[in-house]
Amino acid sequence: MKYVVVLGDGMADEPIEQLGGKTPIEYADTPNLDRLSKLSEVGLVHTIPEGMKPGSDTANLSVLGYDPKIYYSGRSPLEALSIGVPMKDTDVALRCNIVTISDDDVPFEEKTIIDHSSSEIETEDCAVLLEAVKKELENETYQFYVGTSYRHCLIWDKGEVIDLVQPHDVLTQVIGQHLPQDEVLRNMMKKSYEILKDHPINVERKKKGLNPANCCWFWGAGTKPMLSSFEKKTGKKGMMISAVDLLKGIAVGASMGVVEVEGANGGLHTNYEGKMQAAVDALTKQDYDFVYVHVEAPDEMGHQGSVERKVQAIEYLDKRVIGPLESKLKEQNVDFRMLVLPDHPTPIRVRTHTDKEVPYMLYDSTAEQTNTWNYSEQEGTASGNYVAEGHKLIDKLFEK
């Protein structure tokens with residue numbers, strides 16, 4: 001038996017008037033999910049432990065079977081693992097987003113945050129911008145590391161784990177009240193704007209109608225993580241397939257395999273087919289027992305507040321990952337169990353994560369069920385199947 005998790009990051013949502021009172025999952029054209037759900041167990045799972053912030057870090061740890069209350073030490077340290085940062089026990093890692101803030105003629109503190117992803121900037125361009133920041137701001141205490149797209153890392157030697165605001169939580173808001181209390185970090189953010197606002201790359205981006213990547217935003221502070229081996233914990237040899245440093249970092253910490261898929265960028269137009277094929281190859285050619293296929297696009301579209309693009313992301317996940325993955329495994333006579341779910345909701349209404357339960361679908365190719373439901377938030381509720389502690393959901397996947 002082989003095992004698959006297909007995770008549509010932030011896919012769950014709320015009923016939306018524009019969609020006739022349906023959620024994006026309900027509204028999207030998803031023939032594969034509609035068909036498979038009737039052969040599967042459908043239910044709800046609560047991936048965010050009570051009292052913890054609803055993030056992709058805590059939620060994906062839960063889905064992988066790690067209780068965040070035990071294993072979570074901050075988001076940025078997990079990303080640091082992914083990009084090969086040699087963290088010391090005394091280091092604190094921070095996410096360094098390069099975001100878009102307004103370029104109006106007002107004091108820095110009165111500017112507005114416009115876009116947490118700078119129009120989904122490509123890594124190559126953003127690395128050049130980060131290099132400009134490094135040249136001016138890096139020293140023995142604060143060191144910058146390139147990640148993916150707009151997501152980068154700052155290591156603070158002998159730093160402090162302080163509470164910092166996530167940029168996607170305060171989109172369209174004036175930034176002053178959301179800046180770090182720490183004077184050094186706050187001043188570094190302010191100086192980064194001066195360094196980046198007129199950079200040639202940003203001049204060109206504005207000419208093309210793209211948001212400029214004009215300010216560093218620090219958040220997600222944490223210390224070096226200590227995850228146990230996934231294989232020792234579950235008895236399954238696992239592979240992570242994701243474009244996102246956070247997920248790859250979790251995999252590195254858990255001693256899982258990580259595959260780099262060309263063209264996988266965490267955006268709407270990522271390489272879905274490449275991720276799907278990497279999953280098939282891992283299970284049929286590379287002797288892996290378990291693959292975790294993570295697709296970031298629904299979450300990004302939720303943060304952008306785009307109903308149409310979130311629906312499109314879900315449809316791409318259905319048609320370009322779930323359907324072909326099922327077909328290819330069956331063509332090769334592979335017995336498998338597949339779990340489909342989001343890690344958390346990212347409702348269009350709020351454009352950030354919430355801690356509500358999410359729907360899951362568990363399909364077993366060797367024990368197909370006969371049901372009438374579709375996969376959705378509402379049907380998950382109506383099914384009566386409920387997993388209160390998200391880190392226990394993986395036990396359902398591995399029952400056979």
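Just so you know, all these numbers are worked out from the coordinates, no wet-lab data involved. Here the structure is a predicted model, which is why all the values come from computation and not from measurement. For neighbour counting, all protein chains shown are included, and Cβ atoms are generated from backbone atoms with ideal geometry for every residue, glycine included.
Of [x] 41; [y] 33; [z] 29, which one was derived for percent of Cα pairs over 33 Å apart from the structure shown?
[z]
Placing one identical point scatterer on every Cα of the range 220-348 and ignoring solvent, what is log10 I(q)/I(0) from the Debye formula at q = 0.10, 0.15, 0.20 Å⁻¹?
Evaluating at q = 0.10, 0.15, 0.20 Å⁻¹ gives log10 I(q)/I(0) of -0.34, -0.76, -1.23.
Taking 7 Å along the Cα-to-C-beta vector as the label spot, tell me the Val174-Lys285 distance in nanometres, rounded to one decimal.
5.7 nm
Once you have the Cα-Cα distance between Ala127 and Asp67, take 0.36 nm times their residue separation minus that, and quote the gain in nm to one decimal.
Separation in residues times 0.36 nm, less the Cα-Cα distance, equals 18.2 nm.
Normalised by the residues of the range 259-358, what does the relative contact order come to in percent, with Cα pairs under 8 Å and at least six apart?
Relative contact order here is 25 percent.
Test of understanding: in a Gaussian network model of the chain with alpha carbons linked when under 10 Å, which of Ile83, Ile25, Ile70 would top the mean-square fluctuation ranking?
Ile70
Once every DSSP H run of n ≥ 4 in the chain is given -39500 (n - 2.57) and the sum is divided by its residues, what mean residue ellipticity at 222 nm do you get, rounded to the nearest 500 deg cm²/dmol?
-9500 deg cm²/dmol
If you take the beta carbon distance between Gln18 and Asp198 as r and set R0 to 35 Å, what does 1/(1 + (r/R0)^6) give as a FRET efficiency, to the nearest 0.05?
0.35
Can you tell me the FRET efficiency between Val334 and Ser228 if r is taken as the Cβ-Cβ distance and R0 is 25 Å, rounded to the nearest 0.05?
Calculated value: 0.35.
Can you compute the equivalent ellipsoid semi-axes for the range 1-69, i.e. the square root of 5 times each eigenvalue of the Cα gyration tensor, sorted largest first and rounded to whole Å?
25, 19, 9
With N set to the residue count of the range 92-222, report its C-alpha Rg divided by 2.2 N^0.38 Å to two decimal places.
Dividing the Cα radius of gyration by 2.2 N^0.38 Å gives 0.96.
Quick one, what does Rg over Rh come out to for the range 1-123 if you take C-alpha atoms and the Kirkwood Rh?
Using only Cα positions, Rg/Rh for the range 1-123 is 1.04.
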